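Any read-out appearing in this document is the output of simple, stated calculations on the displayed coordinates, not a laboratory observation. Keep in mind that what you see is a predicted model, and the values were worked out from it rather than measured. Note: ideal-geometry Cβ built from the backbone for every residue, glycine included; neighbour counts use all protein chains shown.
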Amino acid sequence: MFITFPVAPKIKIMQNILNEYQSIAFEEVKVWFKAGTLKDFPSNRGGCIKYKDKQIAIFNFERRNEWYACQNVCPHKMEMVLSRGMTGSADSVPKIACPMHKKTFSLVDGSNLNGEDYSIATYPVKVVDEEVFVGFLE
Amino acid sequence: MIKVIVVGNGMVGYKFCEKFIAKSGQEKYQITVFGEEPRRAYDRVHLSEYFAGKTADDLSMSTSNWYDENNIILNTSELVLKIDKENKTITTHLDKTFGYDYLVLATGSAAFVPPIKGVEKEGVFVYRTIEDLDAIMTYAKKIKQNGATEAAVLGGGLLGLEAAKAVYDLGLNPHVVEFAPRLMPRQLDKAASDMLQSKIEKLNIGIHLNKATQYIDGEHSIKGMMFANDELLKVDMLVISAGIKPRDELARVSGLVVGERGGVLVGNTMQTSDPFIYAIGEVALYNQMIYGLVAPGYEMADVAAEQILGSDKTMRETIDMSTQLKLIGVEVASFGDPFIENDEVVAIVYENKFSGIYKRINVTKDGKTLLGGILVGDSSDYNGLFQIYSNAMALPPNPEDLILGSRGGESSTMGSAMDLPDTAVICSCENVTKGSICCSITDGTCESLSDVVKLTKATSGCGGCKPMVVDLVKAAQKSIGKEVKESICEHFHYTRQELFDIVKINKYTNFYEVVDHHGNGDGCEVCKPVVASIFSSIYNDTANKHVTTQDTNDRYLANIQRNGTYSVVPRIAGGEITPEKLIVIGEIAKEFNLYTKITGAQRVDLFGAHLNDLPKIWKILIDNGFESGHAYGKSLRAVKSCVGNAWCRYGMDDSTTFAIELENRYRGIRSPHKLKGGVSACIRECAEARGKDFGVIAVEGGWNLYICGNGGANPKHAVLLAEQIDKETVFKYMDRFLMYYIRTAGPLVRTATWLEKLDGGLDYLKEVIIHDRIGICETLESEMESLVGTFECEWKQVLEKPRLLKRFNHFVNSDEKDENIEYVALRDQKMPKPW
């Protein structure tokens, strides 16, 4: 038995999703959302949190004593996977490599480090009294 | 412009063209080659490999456009009938006439067919060309279908034994029939010959010595051979390989001087009785001899090319007939004068009937000079002995050390290749000296082994000199302080092999220790998995121990798929599974709505598992006796097998049991890249074992072990490492091979590429893991033993330690699954919505 379905191009839907993610600077933050406590985020790797309709990847870059956050969706194939990627650095810029096709992005400004067009949105993170917060506009 | 016509397109004719072009410099020339065979020149020395699966193209000496590129006109399937010496022209069977300035006869030889009554019968063949081989194959297939099992080979010399191997490979039982009282009478003495015979007979190859064949029995086709004492050998096919006969008919009809027993008479310039006509190779009669070896033929080609271009190079007075080869799996070599016996000479003999080894060297009475020798069963000393002989080098105080090894001493008695004089000929096929190999590196002309091979052609003939050439190139590179390095990434200026040693020596167990002490920065997606894999290879840590540095699939112990879900592959060792376990897999697929597919590795892959569901799925699997199949890891995937002699009517051994044993032995071991294996119970090779990193195939008398094959983007057949070995030896070689690969390969380099890049290639690898040349076999074995003994299923570990379960949640702050995952229908199942 063969069933054929009209297939809606996924890219179009995902493009709308992508538009929901825009980088925010620390001073622009209106809402600090409590993502979890320190022990929820193991060192030197990522964890994904849900905030409204967004999926945000948070990285406890303990080796550098730094925290970063970015969209969880990889703009290359639109899969919600960046939090499962591997952290590292390129010329001492902290970066994340997507687990699907190893596209790498700067965790500082979200730029693509393989010389490709697409980039990712990054978000401010702060840690207060063992609690981890991510900053949003709304 | 010089017009040269070459008659004959065999190895020597081809070599003449190659040498001529290389030496021609500014000289303008037009070379026209005539060959009666329909194809380009091919490697006749390795003809029997045609039966072992090589194609005519593999055997070809050149690429198809080589002739065009070098301005050579090649006329195949065209036979030259006549030479007009007066007008310097030739005429072909197409009645075309061509003019020449110089003519080179390289017509070679034909198989010598003794005048036995009935040789014209159907089923009697000679063993000389690819066409002969095709005819033999077709006939063998036909008679096998009619139930025939026995075939004879006439001739117990070098060529005869080659032919016997070919018959053996075709699945018939060969009977070697020889007139003389021993095998290889020209190269071996009686004791050596007996040793060879007993080794060959072990393979169920019949040896019939002292046999004069009276006639070929049978009506139209051969049914047997009748010997002098009215003894009948029943066979359904006969391959004649009893010697060669120079193809001098063109020279005869054209009035050139030929020898009494054939061959075109030449002097040391290779000129025939007509100064504008040269003869080279097996058609040339030099010093009253026809030389049926490739090395003298190549030297003749060289002399003729030099002479035509105006040099005064001449052929050597004495021609070395030393040979080293492998006959039906037995190493055989002889050099210098193998038989010499007189008052001034002492023969030193080592004979070991248990391991089938015979060695003899002939030394002058004063113990100072090596005159010749014979090696059967183990010819690994050949290169060293040959150099000592041909360079008249001093012998050690106890000459017997040369074949027995220095007992109690420290270093090898041969010394290193670097101790040889610069004039020592290393590659005798191409006449390349040690000096020219080393110089090409030290003066900067060449950078690598492959450059040297390209420039000098060393190793491209019989290949026996390869280990020495490799050593020389390495030593020369070292002498100018050169080292070639491939560092991993910006964080480490080391190769994977160096990093492996660094980790091992310093006993590091954490990535950041390594990068802090020996690298810089924070690491990346390249070096982190490399170091994690090294930890696993050394300490057999499971992937659970290095979660942050493992590649993503290792982190979640599953394969990430297109939509970010995972696939689950439990181990089904050797592809053998009970109905009960199959039902468990089916029930899981139904419960978690997974797409199921049978993989190429004889397992079942379950696709579309949510990250959150992985531990639940594995709980059920493990409760039902499954374990991780490591389909996600750079480690052993699976060992594929055919059903074997338990069920198959052709199976020669129990391939499934062996596959399961191999898979269970090496499961879970992390390596530079994935590893796949296969076991077939006969040469039909249903398990496709030669397309794997390691493949074992049952043959008469044991197993053949093949290594370093793969499918993928660049398919490669695995190559033979050892033949007819028992199971225990397979495991021993496998342990050494895998561990050596794990230690030395670059990141994500599969075994095939690794072997390609390994200096010295397969020969060197054999030296290391079979002959223990660098003395590491014991270490490799014990390292492997410790890995094998400490296997743990990493999924079981996860389920036993709840804190490890946390990483399988998609969200840190919610137990929900990723809602963005959508599916569409695919036949009766589903697939991710397309990108």
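Altogether, the Stokes-Einstein calculation at 4 °C and 1.567 mPa s, with the Kirkwood radius of the range B:496-555 over Cα pairs as Rh, returns a diffusion coefficient of 115 µm²/s. For the range B:124-242, the extents of the C-alpha atoms along the principal axes are 39, 32, 25 Å, listed from largest to smallest. Restricting the calculation to Cα atoms, the range B:1-150 yields a radius of gyration followed by a Dmax of 18.5, 62 Å. With both residues required to sit in chain B, DSSP beta bridges show an antiparallel share near 60%. Summing Cβ point charges (Lys, Arg +1; Asp, Glu -1) relative to the Cα centre of the range A:21-136 gives a dipole of roughly 360 debye. Averaged over the residues of B:117-127, the number of partner chain Cβ atoms lying within 10 Å of the residue Cβ comes to 0. Given the pairs B:K199/B:K326; B:K117/B:K190; B:K634/B:K727; B:K581/B:K692, which span a C-alpha to C-alpha distance of over 19 angstrom in this model? Checking Cα-Cα distances, B:K117/B:K190; B:K634/B:K727; B:K581/B:K692 exceed 19 Å.
When the convex hull of its Cα atoms is viewed from all sides, the range B:536-652 shows a mean projected area of 8.9 nm². Computed from backbone phi, the HN-Hα couplings of the range B:273-290 come to 5, 9, x, 8, 10, 10, 10, 9, x, 6, 8, 8, 9, 10, 6, 6, 9, 9 Hz, rounded to whole numbers (Karplus: 6.51 cos²θ - 1.76 cosθ + 1.60, θ = phi - 60°; Gly and Pro given as x). Report summary: the helix-based calculation at 222 nm, which adds -39500 (n - 2.57) for every DSSP H run with n ≥ 4 and divides by the residues of chain B, gives -9000 deg cm²/dmol. Extension gain for B:Y823 to B:N624 (0.36 nm times residue separation, less C-alpha to C-alpha distance): 68.7 nm.
Distance distribution P(r), the protein assembly as shown, all Cα-Cα pairs, bin width 10 angstrom from 0: 2, 10, 16, 19, 17, 14, 11, 8, 4, 1, 0, 0 percent.
For B:V432, nonlocal amide neighbours, meaning residues 5 or more places apart or on other chains whose placed amide H falls under 5 Å from its own, are B:I426, B:C427. Spacing of the modelled spin labels on B:D516 and B:C648, each 7 Å from Cα toward Cβ, amounts to 5.5 nm. Based on the reciprocal of the average 1/r between different C-alpha atoms, the Kirkwood radius for chain A equals 15.5 Å. Of the residues B:I488, B:N431, B:S60, the one whose Cα sits farthest toward the positive end of the charge dipole of chain B, with +1 on the Cβ of Lys and Arg and -1 on the Cβ of Asp and Glu, is B:I488.
Charges were assigned to the Cβ only: +1 to each Lys and Arg, -1 to each Asp and Glu. The resulting dipole of chain B about its Cα centre is roughly 1560 debye. For B:E627, nonlocal amide neighbours, meaning residues 5 or more places apart or on other chains whose placed amide H falls under 5 Å from its own, are B:R571. Counting Cβ atoms of other protein chains within 10 Å of each Cβ in B:550-556 and taking the mean gives 3. Among B:35-41, B:170-176, the peptide with the highest mean count of other Cβ atoms within 10 Å heads the list, and the full ranking is B:170-176, B:35-41. Specify the inter-centroid distance of the range B:728-780 and the range B:484-518, based on alpha-carbon positions, in whole Å. Cα centroid of the range B:728-780 versus Cα centroid of the range B:484-518: 21 Å apart.
What is the distance in Å between the Cα centroid of the range B:1-70 and that of the range B:336-363? Between the Cα centre of the range B:1-70 and that of the range B:336-363, the gap is 39 Å. Placing unit charges on the Cβ atoms of the charged side chains and taking the dipole of the protein assembly as shown about its Cα centre, the candidate lying farthest along the positive direction among B:P181, A:L113, B:S380 is A:L113. From the largest down, the range B:634-756 spans 43, 27, 22 angstrom on the principal axes of its Cα atoms. Inter-chain Cβ neighbour count for A:83-93, averaged per residue, equals 6 (cutoff 10 Å, partner chain atoms only).
Simple spin-label estimate for B:E591 and B:H493 gives 5.6 nm between the two label positions (7 Å along the Cα-to-Cβ direction from each Cα).
Its residue count N fixes a reference of 2.2 N^0.38 Å for chain B, and the Cα radius of gyration divided by that reference is 1.10.
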